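*Asks:* Here's a structure for you.
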Amino acid sequence: MLTIFNTLTREKEALKPIIAGKVKIYICGVTVYDHCHLGHARTYSAMDNVIRYLRYRHYDVITVRNITDIDDKIIKRSLENQETTTALTERFTKAMHDDFDALGLLEPEVEPRATQYIPHMKALMERLINQGFAYVGSSGDVYFDVRKFPHYGCLSHHDIDQLESGARVDVVEAKKDPLDFVLWKLAKPGEPAWESPWGEGRPGWHSECSAMAMDLLGETFDIHAGGRDLIFPHHENEIAQSMAATNKPFAHLWMHTGFLQVDKEKMSKSLGNFITIRDALSQHAPEVLRYFFAASHYRSPLIYTDEVLSQAKQSLTRFYTALRGLNLGAVPQHTAFEADFIKAMDDDFNSPVALSVLFDVTHEIWRLREAGSVDEAAGLGALLKHLGGLFGILQQDPEFYFQASGQVDVAKVEALIAERQQARLNKNWAEADRIRAVLLAMNVELDDTAGGKTIWKVN
Ligand code: AMP
Ligand code: ZN
(Lines give C-alpha, C1' and ligand atoms only; values in the text may rest on other atoms or scores of the structure.)
(Ligands and ions follow the chains in the order given, each with its own letter.)
Protein backbone atom coordinates (compact mmCIF):
# COMPACT_ATOMS: atom_id res chain seq x y z
CA MET A 1 0.00 0.00 0.00
CA LEU A 2 1.44 3.36 -1.04
CA THR A 3 1.27 5.93 1.74
CA ILE A 4 1.98 9.64 1.53
CA PHE A 5 2.48 12.12 4.35
CA ASN A 6 -0.36 14.62 4.15
CA THR A 7 0.42 18.07 5.60
CA LEU A 8 -3.32 18.57 6.06
CA THR A 9 -3.74 15.66 8.51
CA ARG A 10 -0.07 15.35 9.54
CA GLU A 11 -0.31 11.64 8.92
CA LYS A 12 0.82 9.15 6.35
CA GLU A 13 -2.28 8.24 4.38
CA ALA A 14 -2.97 5.61 1.76
CA LEU A 15 -3.14 7.03 -1.72
CA LYS A 16 -6.75 6.58 -2.82
CA PRO A 17 -7.12 8.28 -6.19
CA ILE A 18 -10.49 9.87 -6.94
CA ILE A 19 -10.59 8.00 -10.24
CA ALA A 20 -9.15 4.52 -9.76
CA GLY A 21 -5.71 4.22 -11.31
CA LYS A 22 -5.39 7.90 -12.16
CA VAL A 23 -3.49 10.46 -10.08
CA LYS A 24 -3.95 14.16 -10.71
CA ILE A 25 -1.17 16.36 -9.35
CA TYR A 26 -0.82 20.12 -9.17
CA ILE A 27 2.66 21.49 -8.42
CA CYS A 28 3.22 25.18 -7.80
CA GLY A 29 5.67 26.40 -10.40
CA VAL A 30 8.36 29.01 -10.67
CA THR A 31 8.03 32.80 -10.60
CA VAL A 32 10.09 33.50 -13.70
CA TYR A 33 12.10 36.67 -13.09
CA ASP A 34 15.57 35.14 -12.69
CA HIS A 35 17.46 31.90 -13.21
CA CYS A 36 16.26 28.91 -11.23
CA HIS A 37 18.46 27.84 -8.33
CA LEU A 38 19.20 24.54 -6.64
CA GLY A 39 16.35 25.04 -4.17
CA HIS A 40 13.96 24.87 -7.11
CA ALA A 41 15.84 21.84 -8.42
CA ARG A 42 15.39 20.14 -5.06
CA THR A 43 11.63 20.55 -5.03
CA TYR A 44 11.07 19.68 -8.68
CA SER A 45 13.41 16.71 -8.72
CA ALA A 46 11.71 15.35 -5.58
CA MET A 47 8.38 15.62 -7.38
CA ASP A 48 9.89 14.14 -10.54
CA ASN A 49 10.86 11.07 -8.49
CA VAL A 50 7.30 10.90 -7.11
CA ILE A 51 5.77 11.06 -10.59
CA ARG A 52 8.16 8.44 -11.98
CA TYR A 53 7.48 6.13 -9.08
CA LEU A 54 3.69 6.48 -9.38
CA ARG A 55 3.97 5.61 -13.08
CA TYR A 56 6.17 2.63 -12.24
CA ARG A 57 3.35 1.54 -9.90
CA HIS A 58 1.05 1.72 -12.94
CA TYR A 59 -0.80 4.89 -12.08
CA ASP A 60 -1.81 7.12 -14.93
CA VAL A 61 -0.38 10.43 -13.69
CA ILE A 62 -1.34 13.85 -14.95
CA THR A 63 0.71 16.79 -13.73
CA VAL A 64 0.00 20.49 -13.95
CA ARG A 65 2.83 22.88 -13.06
CA ASN A 66 2.12 26.56 -13.53
CA ILE A 67 4.36 29.44 -14.50
CA THR A 68 3.88 32.64 -12.52
CA ASP A 69 4.53 35.24 -15.19
CA ILE A 70 3.00 38.27 -13.48
CA ASP A 71 3.64 39.46 -9.94
CA ASP A 72 5.30 42.28 -7.99
CA LYS A 73 8.83 40.84 -8.25
CA ILE A 74 8.46 40.48 -12.01
CA ILE A 75 7.20 44.04 -12.39
CA LYS A 76 10.04 45.36 -10.23
CA ARG A 77 12.71 43.44 -12.16
CA SER A 78 11.31 44.44 -15.55
CA LEU A 79 11.43 48.12 -14.52
CA GLU A 80 15.02 47.70 -13.32
CA ASN A 81 15.97 46.01 -16.59
CA GLN A 82 13.90 48.37 -18.69
CA GLU A 83 12.25 45.54 -20.54
CA THR A 84 8.62 44.46 -20.70
CA THR A 85 7.34 41.87 -18.24
CA THR A 86 6.62 39.65 -21.25
CA ALA A 87 10.20 39.84 -22.56
CA LEU A 88 11.58 39.16 -19.07
CA THR A 89 9.33 36.20 -18.32
CA GLU A 90 9.76 34.67 -21.79
CA ARG A 91 13.52 34.78 -21.35
CA PHE A 92 13.51 33.14 -17.94
CA THR A 93 10.85 30.60 -18.89
CA LYS A 94 13.13 29.46 -21.70
CA ALA A 95 16.10 29.36 -19.31
CA MET A 96 14.03 27.34 -16.81
CA HIS A 97 13.10 24.83 -19.52
CA ASP A 98 16.74 24.45 -20.53
CA ASP A 99 17.79 23.91 -16.90
CA PHE A 100 15.02 21.44 -16.09
CA ASP A 101 15.76 19.60 -19.29
CA ALA A 102 19.44 19.39 -18.41
CA LEU A 103 18.44 17.89 -15.04
CA GLY A 104 16.28 15.31 -16.81
CA LEU A 105 13.01 16.48 -15.24
CA LEU A 106 9.89 15.22 -16.98
CA GLU A 107 7.74 17.90 -18.54
CA PRO A 108 4.36 18.42 -16.90
CA GLU A 109 1.35 17.48 -19.01
CA VAL A 110 0.11 21.05 -18.78
CA GLU A 111 2.14 24.15 -17.99
CA PRO A 112 -0.31 27.06 -17.78
CA ARG A 113 0.84 30.65 -17.39
CA ALA A 114 -0.88 33.04 -15.00
CA THR A 115 -1.46 35.62 -17.75
CA GLN A 116 -3.48 33.04 -19.72
CA TYR A 117 -5.77 32.47 -16.76
CA ILE A 118 -6.96 35.99 -15.93
CA PRO A 119 -10.58 35.29 -17.05
CA HIS A 120 -10.74 32.16 -14.85
CA MET A 121 -9.35 34.09 -11.89
CA LYS A 122 -11.88 36.88 -12.39
CA ALA A 123 -14.68 34.32 -12.54
CA LEU A 124 -13.49 32.81 -9.25
CA MET A 125 -13.41 36.26 -7.62
CA GLU A 126 -16.88 37.07 -8.84
CA ARG A 127 -18.12 33.81 -7.37
CA LEU A 128 -16.46 34.63 -4.03
CA ILE A 129 -17.89 38.15 -3.93
CA ASN A 130 -21.40 36.87 -4.75
CA GLN A 131 -21.14 34.27 -1.98
CA GLY A 132 -20.00 36.88 0.54
CA PHE A 133 -16.42 35.55 0.92
CA ALA A 134 -14.73 38.52 -0.72
CA TYR A 135 -15.15 42.28 -0.62
CA VAL A 136 -13.89 45.42 -2.26
CA GLY A 137 -11.69 47.24 0.26
CA SER A 138 -11.60 50.99 0.71
CA SER A 139 -8.55 51.13 -1.61
CA GLY A 140 -10.56 49.53 -4.43
CA ASP A 141 -8.57 46.26 -4.22
CA VAL A 142 -10.53 43.04 -3.76
CA TYR A 143 -9.82 40.94 -0.66
CA PHE A 144 -10.73 37.50 0.61
CA ASP A 145 -12.45 37.71 3.97
CA VAL A 146 -10.67 35.03 6.03
CA ARG A 147 -13.04 35.36 8.99
CA LYS A 148 -15.87 34.12 6.77
CA PHE A 149 -14.07 30.85 6.08
CA PRO A 150 -14.30 28.60 9.14
CA HIS A 151 -11.46 26.24 8.12
CA TYR A 152 -8.83 28.97 7.74
CA GLY A 153 -5.59 27.62 9.23
CA CYS A 154 -6.43 23.95 8.55
CA LEU A 155 -3.25 23.34 6.55
CA SER A 156 -0.77 25.22 8.70
CA HIS A 157 -2.53 23.92 11.84
CA HIS A 158 -3.01 27.26 13.49
CA ASP A 159 -6.18 29.05 14.30
CA ILE A 160 -6.74 32.52 12.96
CA ASP A 161 -5.79 34.29 16.18
CA GLN A 162 -2.50 32.41 16.43
CA LEU A 163 -1.74 33.21 12.83
CA GLU A 164 -2.45 36.84 13.40
CA SER A 165 -0.10 37.12 16.34
CA GLY A 166 2.63 34.84 14.93
CA ALA A 167 2.82 35.51 11.23
CA ARG A 168 4.10 38.53 9.47
CA VAL A 169 0.85 39.90 8.16
CA ASP A 170 0.50 43.30 6.58
CA VAL A 171 -1.66 45.72 8.40
CA VAL A 172 -3.40 47.53 5.60
CA GLU A 173 -6.18 49.96 6.41
CA ALA A 174 -8.21 48.87 3.41
CA LYS A 175 -8.56 45.34 4.79
CA LYS A 176 -11.06 44.19 7.39
CA ASP A 177 -8.53 41.79 8.90
CA PRO A 178 -4.72 41.75 8.57
CA LEU A 179 -4.87 38.15 7.30
CA ASP A 180 -7.26 39.01 4.47
CA PHE A 181 -5.40 38.49 1.22
CA VAL A 182 -5.67 40.32 -2.03
CA LEU A 183 -7.57 38.78 -4.92
CA TRP A 184 -7.46 41.74 -7.30
CA LYS A 185 -4.95 44.54 -7.10
CA LEU A 186 -5.58 47.83 -8.88
CA ALA A 187 -2.75 48.84 -11.19
CA LYS A 188 -0.46 51.78 -10.56
CA PRO A 189 0.33 53.90 -13.62
CA GLY A 190 2.62 52.08 -16.04
CA GLU A 191 2.00 48.62 -14.55
CA PRO A 192 0.62 45.79 -16.68
CA ALA A 193 -3.14 45.69 -16.19
CA TRP A 194 -6.27 43.83 -17.24
CA GLU A 195 -9.86 45.06 -17.39
CA SER A 196 -12.17 43.93 -14.61
CA PRO A 197 -15.45 44.90 -12.95
CA TRP A 198 -13.29 46.30 -10.11
CA GLY A 199 -11.09 48.48 -12.29
CA GLU A 200 -7.91 47.85 -14.26
CA GLY A 201 -5.47 45.71 -12.33
CA ARG A 202 -4.03 42.26 -11.85
CA PRO A 203 -4.85 39.19 -9.78
CA GLY A 204 -3.14 38.39 -6.49
CA TRP A 205 -0.69 35.46 -6.59
CA HIS A 206 -2.81 32.90 -4.73
CA SER A 207 -5.69 33.04 -7.20
CA GLU A 208 -3.82 31.59 -10.14
CA CYS A 209 -3.17 28.17 -8.65
CA SER A 210 -6.79 27.74 -7.52
CA ALA A 211 -8.15 28.82 -10.90
CA MET A 212 -5.75 26.65 -12.90
CA ALA A 213 -6.01 23.55 -10.73
CA MET A 214 -9.81 23.63 -10.74
CA ASP A 215 -9.98 24.24 -14.49
CA LEU A 216 -7.42 21.61 -15.47
CA LEU A 217 -7.83 18.94 -12.79
CA GLY A 218 -11.34 19.47 -11.43
CA GLU A 219 -12.67 21.14 -8.28
CA THR A 220 -11.28 18.28 -6.19
CA PHE A 221 -8.12 16.43 -7.19
CA ASP A 222 -5.56 14.09 -5.66
CA ILE A 223 -2.24 15.78 -4.81
CA HIS A 224 -1.12 19.36 -4.44
CA ALA A 225 2.59 19.95 -3.91
CA GLY A 226 5.23 22.61 -3.37
CA GLY A 227 8.08 23.61 -1.09
CA ARG A 228 7.25 23.94 2.60
CA ASP A 229 7.44 27.74 2.47
CA LEU A 230 4.22 27.59 0.50
CA ILE A 231 2.17 26.03 3.32
CA PHE A 232 1.42 29.46 4.71
CA PRO A 233 0.08 31.67 3.34
CA HIS A 234 0.00 30.45 -0.28
CA HIS A 235 -1.57 27.02 0.11
CA GLU A 236 -3.68 28.04 3.07
CA ASN A 237 -5.14 30.78 0.88
CA GLU A 238 -5.59 28.47 -2.09
CA ILE A 239 -7.63 26.14 0.12
CA ALA A 240 -9.70 29.00 1.52
CA GLN A 241 -10.71 30.50 -1.80
CA SER A 242 -11.26 27.18 -3.57
CA MET A 243 -13.30 25.53 -0.84
CA ALA A 244 -15.25 28.71 -0.18
CA ALA A 245 -16.21 28.86 -3.87
CA THR A 246 -17.08 25.19 -4.37
CA ASN A 247 -17.94 23.97 -0.89
CA LYS A 248 -15.95 20.85 -1.76
CA PRO A 249 -12.52 19.63 -0.67
CA PHE A 250 -9.78 21.08 -2.88
CA ALA A 251 -6.80 18.67 -2.91
CA HIS A 252 -6.91 15.40 -0.94
CA LEU A 253 -3.18 15.19 -0.19
CA TRP A 254 -0.78 18.06 0.39
CA MET A 255 2.89 17.25 -0.11
CA HIS A 256 5.62 19.68 0.94
CA THR A 257 9.33 19.39 0.29
CA GLY A 258 12.02 20.41 2.80
CA PHE A 259 14.34 23.28 2.05
CA LEU A 260 17.66 23.11 0.38
CA GLN A 261 19.81 25.12 2.76
CA VAL A 262 23.10 26.93 2.69
CA ASP A 263 24.59 27.49 6.13
CA LYS A 264 21.30 26.69 7.88
CA GLU A 265 19.36 29.17 5.78
CA LYS A 266 16.93 28.46 2.99
CA MET A 267 18.52 28.96 -0.40
CA SER A 268 16.51 31.74 -1.97
CA LYS A 269 16.62 34.50 -4.49
CA SER A 270 15.62 37.10 -1.96
CA LEU A 271 18.39 36.11 0.50
CA GLY A 272 20.91 36.21 -2.34
CA ASN A 273 22.56 32.96 -1.16
CA PHE A 274 21.61 30.92 -4.19
CA ILE A 275 23.53 28.81 -6.67
CA THR A 276 21.82 28.66 -10.02
CA ILE A 277 21.14 25.30 -11.60
CA ARG A 278 23.34 26.22 -14.55
CA ASP A 279 26.26 27.19 -12.31
CA ALA A 280 25.94 23.91 -10.44
CA LEU A 281 25.79 22.04 -13.75
CA SER A 282 29.03 23.64 -14.84
CA GLN A 283 30.68 21.76 -11.97
CA HIS A 284 28.62 18.64 -11.52
CA ALA A 285 26.94 16.23 -13.91
CA PRO A 286 23.12 16.33 -13.80
CA GLU A 287 23.10 12.82 -12.45
CA VAL A 288 25.28 13.83 -9.50
CA LEU A 289 22.72 16.46 -8.53
CA ARG A 290 19.85 14.00 -8.98
CA TYR A 291 21.64 11.50 -6.75
CA PHE A 292 22.32 14.19 -4.15
CA PHE A 293 18.61 15.07 -4.03
CA ALA A 294 17.41 11.45 -3.89
CA ALA A 295 19.85 10.61 -1.10
CA SER A 296 17.69 12.59 1.37
CA HIS A 297 14.03 12.14 2.12
CA TYR A 298 12.01 14.75 0.26
CA ARG A 299 10.59 16.20 3.48
CA SER A 300 13.99 16.61 5.16
CA PRO A 301 16.04 19.73 4.94
CA LEU A 302 19.09 19.28 2.77
CA ILE A 303 22.42 21.06 3.04
CA TYR A 304 24.47 21.77 -0.03
CA THR A 305 28.21 21.30 0.40
CA ASP A 306 30.96 20.32 -2.02
CA GLU A 307 31.66 17.31 0.14
CA VAL A 308 28.19 15.75 -0.19
CA LEU A 309 28.30 16.40 -3.91
CA SER A 310 31.57 14.54 -4.20
CA GLN A 311 30.10 11.66 -2.16
CA ALA A 312 27.19 11.58 -4.62
CA LYS A 313 29.67 11.30 -7.48
CA GLN A 314 31.50 8.46 -5.74
CA SER A 315 28.26 6.54 -5.24
CA LEU A 316 27.40 6.87 -8.92
CA THR A 317 30.87 5.66 -9.85
CA ARG A 318 30.30 2.58 -7.69
CA PHE A 319 27.06 1.82 -9.50
CA TYR A 320 28.55 2.38 -12.95
CA THR A 321 31.61 0.31 -12.11
CA ALA A 322 29.33 -2.61 -11.24
CA LEU A 323 27.45 -2.15 -14.52
CA ARG A 324 30.56 -1.80 -16.67
CA GLY A 325 31.05 -4.54 -19.23
CA LEU A 326 27.75 -6.26 -18.43
CA ASN A 327 25.52 -7.08 -21.36
CA LEU A 328 22.30 -6.04 -19.66
CA GLY A 329 19.48 -8.46 -20.29
CA ALA A 330 15.81 -8.48 -19.35
CA VAL A 331 14.91 -7.16 -15.90
CA PRO A 332 14.33 -10.18 -13.62
CA GLN A 333 10.82 -10.18 -12.18
CA HIS A 334 9.78 -10.38 -8.52
CA THR A 335 13.19 -10.25 -6.88
CA ALA A 336 13.49 -9.67 -3.15
CA PHE A 337 15.52 -6.55 -4.00
CA GLU A 338 12.66 -5.03 -5.95
CA ALA A 339 10.21 -5.91 -3.17
CA ASP A 340 12.45 -4.04 -0.70
CA PHE A 341 12.70 -1.11 -3.06
CA ILE A 342 8.91 -0.94 -3.38
CA LYS A 343 8.48 -1.24 0.38
CA ALA A 344 10.75 1.79 0.88
CA MET A 345 9.13 3.91 -1.80
CA ASP A 346 5.60 2.95 -0.77
CA ASP A 347 6.47 4.40 2.62
CA ASP A 348 6.11 8.07 1.69
CA PHE A 349 8.71 7.81 -1.08
CA ASN A 350 11.62 6.94 1.18
CA SER A 351 14.31 7.40 -1.44
CA PRO A 352 17.36 7.08 0.88
CA VAL A 353 16.23 3.60 1.92
CA ALA A 354 15.42 2.77 -1.71
CA LEU A 355 18.94 3.84 -2.71
CA SER A 356 20.40 1.60 -0.02
CA VAL A 357 18.58 -1.28 -1.74
CA LEU A 358 20.38 -0.31 -4.96
CA PHE A 359 23.66 -0.70 -3.07
CA ASP A 360 22.53 -4.18 -1.99
CA VAL A 361 21.91 -4.98 -5.66
CA THR A 362 25.38 -3.67 -6.48
CA HIS A 363 27.00 -5.93 -3.89
CA GLU A 364 25.17 -8.89 -5.29
CA ILE A 365 26.27 -8.00 -8.83
CA TRP A 366 29.89 -8.08 -7.65
CA ARG A 367 29.39 -11.37 -5.86
CA LEU A 368 27.90 -12.91 -9.00
CA ARG A 369 30.59 -11.46 -11.23
CA GLU A 370 33.30 -12.86 -9.01
CA ALA A 371 31.56 -16.24 -8.99
CA GLY A 372 31.48 -16.18 -12.79
CA SER A 373 27.66 -15.94 -13.00
CA VAL A 374 27.75 -13.21 -15.63
CA ASP A 375 24.18 -13.71 -16.90
CA GLU A 376 22.69 -13.39 -13.46
CA ALA A 377 24.85 -10.36 -12.81
CA ALA A 378 23.61 -8.85 -16.07
CA GLY A 379 20.01 -9.45 -14.98
CA LEU A 380 20.58 -7.59 -11.73
CA GLY A 381 22.42 -4.92 -13.70
CA ALA A 382 19.26 -4.40 -15.74
CA LEU A 383 17.27 -4.15 -12.51
CA LEU A 384 19.74 -1.60 -11.11
CA LYS A 385 19.44 0.54 -14.21
CA HIS A 386 15.64 0.21 -14.27
CA LEU A 387 15.21 1.27 -10.63
CA GLY A 388 17.89 3.97 -10.89
CA GLY A 389 15.85 5.48 -13.71
CA LEU A 390 13.13 6.31 -11.17
CA PHE A 391 15.55 8.86 -9.67
CA GLY A 392 16.86 10.07 -13.02
CA ILE A 393 20.20 8.24 -12.58
CA LEU A 394 22.15 5.36 -14.19
CA GLN A 395 20.69 5.75 -17.67
CA GLN A 396 23.99 6.31 -19.45
CA ASP A 397 26.17 3.74 -21.08
CA PRO A 398 28.84 3.10 -18.39
CA GLU A 399 31.52 3.68 -21.03
CA PHE A 400 30.17 7.16 -21.67
CA TYR A 401 30.07 7.79 -17.95
CA PHE A 402 33.73 6.96 -17.60
CA GLN A 403 34.65 8.58 -20.92
CA ALA A 404 33.26 11.90 -19.80
CA SER A 405 34.15 11.16 -16.15
CA GLY A 406 30.46 11.29 -15.47
CA GLN A 407 30.48 14.96 -16.34
CA VAL A 408 27.87 15.05 -19.07
CA ASP A 409 25.04 13.12 -20.61
CA VAL A 410 26.60 12.24 -23.95
CA ALA A 411 23.28 11.61 -25.74
CA LYS A 412 22.03 15.03 -24.66
CA VAL A 413 25.23 16.74 -25.84
CA GLU A 414 24.98 15.04 -29.24
CA ALA A 415 21.31 16.02 -29.55
CA LEU A 416 22.08 19.66 -28.72
CA ILE A 417 24.94 19.71 -31.21
CA ALA A 418 22.59 18.37 -33.90
CA GLU A 419 20.04 21.07 -33.00
CA ARG A 420 22.74 23.72 -33.24
CA GLN A 421 23.86 22.35 -36.60
CA GLN A 422 20.30 22.71 -37.88
CA ALA A 423 20.11 26.29 -36.52
CA ARG A 424 23.35 27.13 -38.34
CA LEU A 425 21.97 25.65 -41.58
CA ASN A 426 18.93 27.89 -41.12
CA LYS A 427 21.29 30.82 -40.48
CA ASN A 428 19.63 31.24 -37.08
CA TRP A 429 22.83 32.44 -35.43
CA ALA A 430 21.12 33.60 -32.23
CA GLU A 431 19.75 30.10 -31.62
CA ALA A 432 23.10 28.52 -32.49
CA ASP A 433 24.81 30.80 -29.97
CA ARG A 434 22.20 30.03 -27.34
CA ILE A 435 22.80 26.29 -27.73
CA ARG A 436 26.55 26.84 -27.54
CA ALA A 437 25.99 28.72 -24.28
CA VAL A 438 23.79 25.91 -22.91
CA LEU A 439 26.54 23.41 -23.72
CA LEU A 440 29.16 25.63 -22.18
CA ALA A 441 27.08 25.75 -19.01
CA MET A 442 27.29 21.94 -19.05
CA ASN A 443 31.09 22.31 -19.31
CA VAL A 444 31.10 21.19 -22.92
CA GLU A 445 33.31 23.14 -25.29
CA LEU A 446 32.66 22.99 -29.03
CA ASP A 447 35.10 23.17 -31.86
CA ASP A 448 33.73 23.67 -35.38
CA THR A 449 36.36 21.97 -37.50
CA ALA A 450 37.40 23.12 -40.97
CA GLY A 451 35.69 20.04 -42.44
CA GLY A 452 32.34 21.26 -41.07
CA LYS A 453 32.09 18.71 -38.30
CA THR A 454 31.63 19.89 -34.71
CA ILE A 455 33.73 18.08 -32.14
CA TRP A 456 33.47 18.56 -28.40
CA LYS A 457 35.19 17.95 -25.15
CA VAL A 458 34.44 18.24 -21.47
CA ASN A 459 36.47 20.92 -19.77
P1 AMP B 1 9.38 30.40 -6.37
O2 AMP B 1 9.85 30.56 -7.78
O3 AMP B 1 10.23 31.10 -5.38
O4 AMP B 1 7.92 30.72 -6.26
O5 AMP B 1 9.54 28.86 -5.98
C6 AMP B 1 9.06 27.78 -6.75
C7 AMP B 1 9.09 26.50 -5.95
O8 AMP B 1 10.42 26.21 -5.50
C9 AMP B 1 8.22 26.55 -4.68
O10 AMP B 1 7.56 25.31 -4.53
C11 AMP B 1 9.23 26.76 -3.58
O12 AMP B 1 8.78 26.25 -2.35
C13 AMP B 1 10.41 25.94 -4.10
N14 AMP B 1 11.67 26.40 -3.48
C15 AMP B 1 12.21 27.66 -3.51
N16 AMP B 1 13.36 27.70 -2.77
C17 AMP B 1 13.55 26.44 -2.27
C18 AMP B 1 14.56 25.82 -1.45
N19 AMP B 1 15.60 26.48 -1.00
N20 AMP B 1 14.42 24.50 -1.16
C21 AMP B 1 13.37 23.78 -1.63
N22 AMP B 1 12.40 24.30 -2.40
C23 AMP B 1 12.47 25.60 -2.72
ZN1 ZN C 1 0.68 27.81 -6.13
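*Asks:* Run the simple label-point estimate for residue 305 and residue 419 please: 7 Å along Cα→C-beta, distance reported in nm.
*Replies:* Placing both labels 7 Å beyond Cα along the Cβ direction yields 3.6 nm.
*Asks:* What is the stretch 161-223 by shape, rounded, prolate or oblate, if you read a ≥ b ≥ c off the alpha carbon gyration tensor as root eigenvalues and call it rounded for a/c under 1.5, prolate for a/b larger than b/c, and oblate otherwise?
*Replies:* In terms of gyration-tensor shape, oblate.
*Asks:* Further question on the same structure: In nm, what is the difference between 0.36 nm times the number of residues separating residue 403 and residue 101 and their Cα-Cα distance?
*Replies:* 106.5 nm
*Asks:* Something else: Assuming 0.692 mPa s and 37 °C, estimate D for the stretch 248-301 with Stokes-Einstein, Rh taken as the Kirkwood radius over Cα pairs, in µm²/s.
*Replies:* This corresponds to a translational diffusion coefficient of 248 µm²/s.
*Asks:* Using 0.36 nm times the number of residues separating residue 161 and residue 447, minus their current alpha carbon distance, what extension gain do you get?
*Replies:* 96.6 nm
*Asks:* Between residue 16 and residue 147, what is the label-point separation in nm under the 7 Å Cα-to-beta-carbon projection?
*Replies:* Computed distance between label sites residue 147 and residue 16 equals 3.7 nm.
*Asks:* Evaluate E = 1/(1 + (r/R0)^6) for residue 126 and residue 247, where r is the Cβ-Cβ distance and R0 equals 25 Å; express this FRET efficiency to the nearest 0.05.
*Replies:* Given R0 = 25 Å and the Cβ-Cβ separation, E is 0.95.
*Asks:* Which value does Rg/Rh take for the stretch 195-272 over its C-alpha atoms, Rh per Kirkwood?
*Replies:* Expressed as Rg/Rh, it is 1.06.
*Asks:* Please get the size of the charge dipole for the stretch 127-185, origin at its Cα centre, with Cβ charges of +1 on Lys and Arg and -1 on Asp and Glu, quoted in debye to the nearest 20.
*Replies:* Numbers: 7 positive and 9 negative charges, 48 e Å.
I would put it at about 220 debye.
*Asks:* How large, in percent, is the carbon and sulfur part of the accessible surface of the chain at a probe radius of 1.4 Å? Don't skip to the end; give the middle numbers.
*Replies:* Numbers: 10450 of 20400 Å².
Carbon and sulfur: 51 percent of the exposed surface of the chain.
*Asks:* Right, here's the next one. So how much slack lies between residue 456 and residue 283, counting 0.36 nm per residue of separation and subtracting their Cα-Cα distance, in nm?
*Replies:* Full extension from residue 456 to residue 283 adds 60.6 nm.
*Asks:* Rounded to the nearest 0.05, what FRET efficiency do residue 219 and residue 350 give with R0 = 35 Å and r taken as the Cβ-Cβ distance? Could you check?
*Replies:* Numbers: r = 32 Å, r/R0 = 0.91.
Plugging the Cβ-Cβ distance into 1/(1 + (r/R0)^6) gives 0.65.
*Asks:* For the chain, what class follows from the C-alpha gyration tensor (a ≥ b ≥ c being the square roots of its eigenvalues): rounded when a/c is under 1.5, otherwise prolate if a/b is larger than b/c, else oblate? Don't skip to the answer; put the middle values down first.
*Replies:* Details: a/c = 2.35, a/b = 1.48, b/c = 1.59.
Judged from the Cα gyration tensor, the chain comes out oblate (a/c at least 1.5, b/c at or above a/b).
*Asks:* For the stretch 1-32, run through the trypsin sites (Lys or Arg not before Pro) and keep only the ones in DSSP coil with at most 16 other Cβ atoms within 10 Å of their Cβ. Each step should come with its number before you reach the end.
*Replies:* Values: sites: 10, 12, 22, 24; in loops: 10.
Counting only loop positions with at most 16 other Cβ atoms within 10 Å, the trypsin sites (Lys or Arg not before Pro) in the stretch 1-32 are 10.
*Asks:* What's the magnitude of the charge dipole for the chain around its Cα centre, counting Lys and Arg as +1 and Asp and Glu as -1 at the beta-carbon? Answer in Debye, nearest 20.
*Replies:* The calculated dipole for the chain is roughly 240 debye.
The values are calculated or read from the model by the stated rules, or taken from the named source; none is laboratory data. What you are looking at is a predicted structure, and each value in this text was computed from that prediction instead of being measured. Cβ atoms come from the backbone with ideal geometry, glycine included; neighbour counts cover every protein chain shown. Side chains included, ligands, DNA and RNA excluded: accessible areas come from the protein's heavy atoms. Shrake-Rupley method; radii C 1.70, N 1.55, O 1.52, S 1.80 Å.
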